[in-house]
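Please read the structure below before turning to the comments.
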Amino acid sequence: MYYDFSFTIPANTLKKTPVELEAKLTSGVIHRVEIGFPLGCAGLVYLAIRKGLHQVWPTNPEGNFNTDGYTITINEFYPLITAPYKLTLQGWNLDDTYPHTIEIRFALLPPEVLYPEETFIQAFKKLLARLRL
């Protein structure tokens, strides 16, 4: 599953009063995150991604993402297996003239795809059950 969110952050949005967008997802394991900052952001647009009160990306709570004309790609292993299946995008924009829209994408797979040892164990148990017959 692949989710894409366009997040527009108005000009003059301060860090102490960020705008938020709820990213509704589904159960699974987030294995890839992409954050696209188009040309023109000039390093003035910032993003942090949270799950409840906990900041997930970047991992350090005082950190944030910002760049210009670049897509940040994160290979991850973040289980999202208990409801609610949502993340909160928080953004602010120090540009005093223009709003900016960044693209945030999440790639999720079912846990059994990313936990091959569980699949192996389950298959092995089935084999043992058949051999006992």
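For this structure, a couple of remarks:
- Among H31, H54, H100, residue whose mean-square fluctuation peaks in a GNM of the chain (springs only between Cα atoms under 10 Å): H54
- Annotation for the range 51-133: trypsin sites (Lys or Arg not before Pro) lying in DSSP loop with at most 14 further Cβ atoms inside 10 Å of their Cβ are R132.
- Close amide-amide hydrogen proximity is noted between V56 and I49, R50, K51, each under 5 Å apart and 5 or more residues distant or on a separate chain (H modeled in the peptide plane; Pro and chain starts excluded).
- For Cα Rg over 2.2 N^0.38 Å, computed directly from the structure shown, the correct entry in (i) 1.35; (ii) 0.99; (iii) 1.10 is (i).
- Net charge contributed by nearby residues that have their C-beta within less than 10 Å of F37 (K/R +1, D/E -1): -2
- In the chain, taking the dipole from charged Cβ atoms about the Cα centre, the farthest positive-side position among N75, P18, Y46 is held by N75.
- Angle between the chain longest axis and helix 116-131 axis [Cα atoms, degrees, rounded to 10]: 20 degrees
Computed from the coordinates by the stated procedures, all read-outs in this text should not be read as laboratory data. Worth saying up front: this structure is predicted, and the values here are computed from it rather than measured. Virtual Cβ from ideal backbone geometry, glycine too; neighbours counted across all protein chains shown.
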